[in-house]
Amino acid sequence: MAKTLDSLLTVTTPVDLSTYDSRATTGFSGEKADAERQLAAMGEELSDLQEKLFAVGRAGTSQTRVLVVLQGMDTSGKGGIIRHVTGLVDPQGLAITSFKKPTPEELEHDFLWRVERRLPQPGMIGVFDRSHYEDVLIGRVRQLAGPEEIERRYGAINDFEKAFTDSGGILIKCFLHITADDQKERLLARLDDPTKHWKYNPGDLDERMLWDDYQRAYALALERCSTDDAPWHLVPSGRKWYRNWAVGALLTEKLRALELEWPKADYDVEAEKARLAGM
């Protein structure tokens, strides 16, 4: 039996990110044009599956909801996935959250407080552009919390994600893997294009100086928080077209596996037809 993309990309062992090819096309044998055609074709099925998910949520017949977590270094493609993949479905069924630096109010609570408030409701697809993992990534690298607190957070994240999946949530966690060379190329492209200057942040270079520290922090987060309930998927993202195809395929696989059906009418259809005919 052919392996699913889900199984091919799932992190099951400790990883050394330096050994992973960011330009790999795991599970895909075609070229860029083939991937773009497949992603476009995928849109019709994705749209149908998402509408069914939304319908059962609206009808109250299912507590199922989907959360896509996108993590990666700057320029890894979180925004591109939101445009090219989740842009294929009805926006009324999407809830997109971009987590920035915590506000003073958020800092008064546990790190998961602001995340819990943005979890998708039944029938919705939520997308986290960065997430609760920032608190064990930048928190570790920038030493914003002590070692004991960081250690506590790994366990808290696993408990939080298990509670989400136990309550009907489907979690798709994608680490978008790029190399320092990939990032340099993309940052230079932004500087060379006046229409992309707004996307460039000089502060990105400050974080880039800590590249190796972030790679170790990511590897540890992948190891500690890839569980049976909420596995991590390591998505090679050096090729943007493959990255988009892969995340689209993962989302399609997960929704397809739900075997969703349209909710049954809670009224007499024939009686309503008769009423309408008489008007």
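The values are calculated or read from the model by the stated rules, or taken from the named source; none is laboratory data. Since this is a predicted model, take the numbers as computed values, not measurements. Using ideal geometry, Cβ is built from the backbone for each residue, glycine included, and neighbour counts are taken over all protein chains shown. All accessible areas refer to the heavy atoms of the entire protein, side chains included, with ligands and DNA or RNA removed. Shrake-Rupley method; radii C 1.70, N 1.55, O 1.52, S 1.80 Å.
Just the number, please: Stokes-Einstein D of the chain in µm²/s, Kirkwood Rh from C-alpha pairs, 10 °C, 1.306 mPa s. Don't jump to the answer; show the numbers that get you there.
Values: Rh = 20.2 Å.
So the translational diffusion coefficient is about 79 µm²/s.
Relative to the dominant Cα principal axis of the chain, helix 211-225 is inclined by about 40°. The distance linking the range 171-189 with the range 1-52 is 16 Å (Cα centroid to Cα centroid, whole angstrom).
Under the rule of -39500 (n - 2.57) per DSSP H run of 4 or more residues, summed and divided by the residues of the chain, what mean residue ellipticity at 222 nm is obtained, to the nearest 500 deg cm²/dmol? Provide the component values of the computation, followed by the final result.
Working: 12 runs with 137 residues, N = 279.
The helix-only estimate for the chain comes to -15000 deg cm²/dmol at 222 nm.
Taking amide H as placed 1.01 Å from N in the peptide plane, the amide H of Lys173 sits under 5 Å from that of Val69, His233, each at least 5 places away or on another chain. Ranking Leu191, Gly139, Ser167 by how far each Cα lies toward the positive end of the dipole of the range 135-204 (charges on Cβ) leaves Leu191 at the top. The slack between Ala180 and Leu8, meaning 0.36 nm per residue of separation minus the straight C-alpha distance, is 59.5 nm. Share of pairwise Cα-Cα distances greater than 13 Å in the range 42-91 is 64 percent (whole percent).
Taking 1 over the mean of 1/r across every pair of different Cα atoms in the range 108-164, what Kirkwood radius in Å do you get? Kindly include the intermediate steps, with their values, before the conclusion.
Numbers: mean 1/r = 0.0813 Å⁻¹.
Computed over the range 108-164, the radius equals 12.3 Å.
Build a GNM of the chain with springs between Cα atoms under 10 Å apart, and of Pro104, Pro14, Pro236 the one that fluctuates most is Pro104. Of the solvent-accessible surface of the range 124-166, computed with a 1.4 Å probe over protein heavy atoms with every protein chain present, carbon and sulfur atoms account for 48 percent.
Please compute the length gained on full extension between Glu105 and Glu261, using 0.36 nm multiplied by the number of residues separating them and subtracting their Cα-Cα distance.
Length gained between Glu105 and Glu261: 52.0 nm.
Within the range 1-104, the proportion of C-alpha pairs whose separation exceeds 15 Å stands at 76%. Relative to the longest principal axis of the Cα atoms of the chain, the long axis of helix 147-166 lies at roughly 20 degrees. Computed from Cα positions, the angle between helix 32-59 and the longest principal axis of the chain comes to roughly 60 degrees. Using every pair of separate Cα atoms, the Kirkwood estimate puts the hydrodynamic radius of the range 229-270 at 13.3 angstrom. Counting only Cβ charges, +1 for Lys and Arg and -1 for Asp and Glu, the dipole size of the chain around its Cα centre is about 540 debye. Charge dipole of the range 37-119 (Cα centre as origin; +1 on each Lys and Arg Cβ, -1 on each Asp and Glu Cβ, all else neutral): 100 debye, rounded to the nearest 20.
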